[in-house]
Each structure stands twice: as structure tokens, then as C-alpha cells.
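One structure is given here, and the rest of the page talks about it.
Values quoted throughout were computed directly from the atomic coordinates according to the rules given, and no laboratory measurement underlies them. What you see is a predicted model, and the numbers here were worked out from it, not measured in a lab. Here the Cβ positions follow ideal geometry from the backbone for every residue, glycine too, while neighbour counts run over all protein chains shown.
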Amino acid sequence: MSNEDQGRARAGLLFAVGAYGLWGFLPVYFLLLQPAGAVEIVSWRILWSLVFCAILLAATRSFRRFAALLRDRRVVATMALAGATIVVNWTTFIFATLSGHLVEAALGYFINPVVTVLLGVVVLRERLRVRQWVAVGISVAAIVVIAVGYGQMPWISLILAFSFGTYGLIKKRVGGRVDAVGGLTLETLAMAPFAAIALVVVGAQGGGLAFGSSGLPQAAAIVGTGVITAVPLLFFAAAASRLPLSTLGLTQYLAPILQLVVGTALLHEPMTTSRWLGFALIWVALAVLSADALLENRAQRGLAQSAASSRIANETAR
């Protein structure tokens, strides 16, 4: 590997750690937004993210490229669907944070890679390898263990895992045609009318809106949701362009690990025996899934090298 490639890989790793690190500490930020509730926070997050994205488009002179995306009805419809899916994810996550269920939310993001594999089977008709089926089976066992110990299904975990997995699946349909800022702009633009309506409804209720009535620091923090939404996405996009998919996949576990630490150490949420056992099973499933990805990546590289060697040998023989 050349010095330039090593530099790109190091920068990519730093961007990945920055993205997942910020996502891991997001619960702490959302706690600062109280007494605003989940619906109000998500609504302001949508609107201020749209404002921040508009500033980024202006700063990078990307309005012409964004206008081209707006003219593509299929892209607009796809990103609107992605926006609706990620709003479900955001609302559930913030509700979990504010209501003392952050550990359950962390479990959802640990489950997410397995759900993504499962969605590939159901939606894309992909065929799983044996190790992937083993990981799926272990994950199902983990959910059963947690549900039995908890007395009910971990709905927050499942909603987060399936909503984010579906979001990734939808984004995959647009491939490389939509950049990180353009995609978030389209998503928030599609959801902005619903966010505005939600704020009107919340404001008309007894307590009214917390924004503007809970002091300047809280109002500034709500405005900052636009920044804390867009910056990790930009970091992730920068990491994805510099790192192999296998390396990027391994770094994604940093976010739920940090969320688990915040939930247990800072918010003092309980970790029962069944929860520890369920998490342990999920980590085993993720280890199996990660090992499968690394082995498959190595096998594909070997096949590519063999094909290249054969091609060179044939050309030499001629």
C-alpha cells in the first residue's frame, strides 16, 4: 500500500470514528433539549437540518446539481420515502432516550446489521451463506431471551433496527446518484410540511412549544440539531469513499457501544441478567457476521487475483 493510500485509509478511519462517535453521543445532546418532547424535537430537527443543508449547498455551490436531482421524479419519490422512514427512526430513538429506554435503543442498532442481511433475503431475493443464517438464528434467539426476561417484545429495538435497515435499503436504490448533502436536503424537504404541521399541533396544546420558552441555551441547542444531523452524515460519506466496506462495517458498532455506555453509566438504566444474555448472543451473532464478511471479502480478492494472473498468463502465451 502506497503512502497516499495509507493516508486515505487513516483519514477514512478518523472520519468513520467521528461519524459513529457523534451518533453514539447523540442521546446526551437530546437530553439537553428537554422539556421539549420527541415530536417537537424531531420536527425542529427536520426544519433546522433543511436550513443547514441549504447553507451547505450555497457554500459548496451545489444548487445546480441539487436542481438536477429535483427534476428526477423517481429520485425525489425515493428520497421522500427514505425521509419518512428515517423520521420514524428519529422519533423512536428520541422517545427511547427521553423515556429511559436507551439500552433498548442500543440493542436496536446492534441488531440492525442482521436485519439488513434479512431484508436482503426478503426484498432483494439474495441467498444467504451458512454463516449468515447462523447469525440470523442467534439474533432471533437473543430477541426471544430478552423478550422473555423483559416480559414483552423489545419493540423499540425492533422498530429502530427495521426502520434503519429499510432506510439503508431505500438509499441503496439511488446508489451513487445522490450525495450525502443532496440526499438529506431532499429527505428533509419532503418531510418539512409534516414537521411544520406537527409543531402547530404541539404549540396549540396546553404546554405549547418548549422552543423559545425554555431559555436561550435550550433554543440554541434545538437550532444546533441541524448541524448535529448533517455533520455525521458528511463524515460517513467521507469515510465510505476512503475505506473498504468491511472496515466501515466494523466501525458501525462504535455508536451502539457508546449508547449502551451512556444508558448504563450516565442514565443508570438497569441491565438485568436476561438483557446481558441477550446482548451477549447479539454480539456473538455480529462476530459470526463480521467473520463471514471478512472471509467472503478475502475469497473475492483471491478470485480476482487468480483471474488477473490467468489473464496475464494467457496474454504472455500469445
**OP:** Would you mind calculating the gained length between Arg8 and Arg74 on full extension (0.36 nm times residue separation, minus the Cα-Cα distance), in nm to one decimal?
**Re:** 20.4 nm
**OP:** Using Cα pairs closer than 8 Å and at least 6 residues apart in sequence, work out the relative contact order for the stretch 3-317, in percent.
**Re:** 40 percent
Original post:
Once the chain is represented by equal point scatterers at the alpha-carbon sites, with solvent omitted, what log10 I(q)/I(0) does the Debye formula produce at q = 0.08, 0.12 Å⁻¹?
Top reply: -0.42, -0.91
Original post:
Once every DSSP H run of n ≥ 4 in the chain is given -39500 (n - 2.57) and the sum is divided by its residues, what mean residue ellipticity at 222 nm do you get, rounded to the nearest 500 deg cm²/dmol?
Top reply: -27500 deg cm²/dmol
**OP:** May I ask you to order 153-162, 200-209, 234-243, 102-111 by the average number of other C-beta atoms within 10 Å around their residues, highest value first?
**Re:** 102-111, 153-162, 234-243, 200-209
Subject >> the stretch 1-132: relative contact order as a whole-number percent, Cα under 8 Å and 6+ apart >> reply: 28 percent
Original post:
Cα axis of helix 180-204 to longest principal axis of the chain: angle in degrees, 0 to 90, nearest 10?
Top reply: 20 degrees
Subject >> DSSP-assigned coil residues among trypsin sites (Lys or Arg not before Pro) in the stretch 82-177, each with at most 11 further Cβ atoms within 10 Å >> reply: Arg125, Arg127
Original post:
Label 7 Å along Cα→Cβ of Ser274; the stretch 149-166 residues with amide nitrogen under 12 Å?
Top reply: 149-154
Subject >> Computed FRET value (nearest 0.05) for Ala67 with Ile197, which takes r as the C-beta separation and R₀ as 41 Å >> reply: 0.95
Subject >> Between 0 and 90°, nearest 10: helix 102-122 axis offset from the chain longest Cα axis >> reply: 50 degrees
Original post:
What FRET efficiency, computed as 1/(1 + (r/R0)^6) with R0 = 51 Å and r the Cβ-Cβ distance, is obtained for Val227 and Leu294, rounded to the nearest 0.05?
Top reply: 0.90
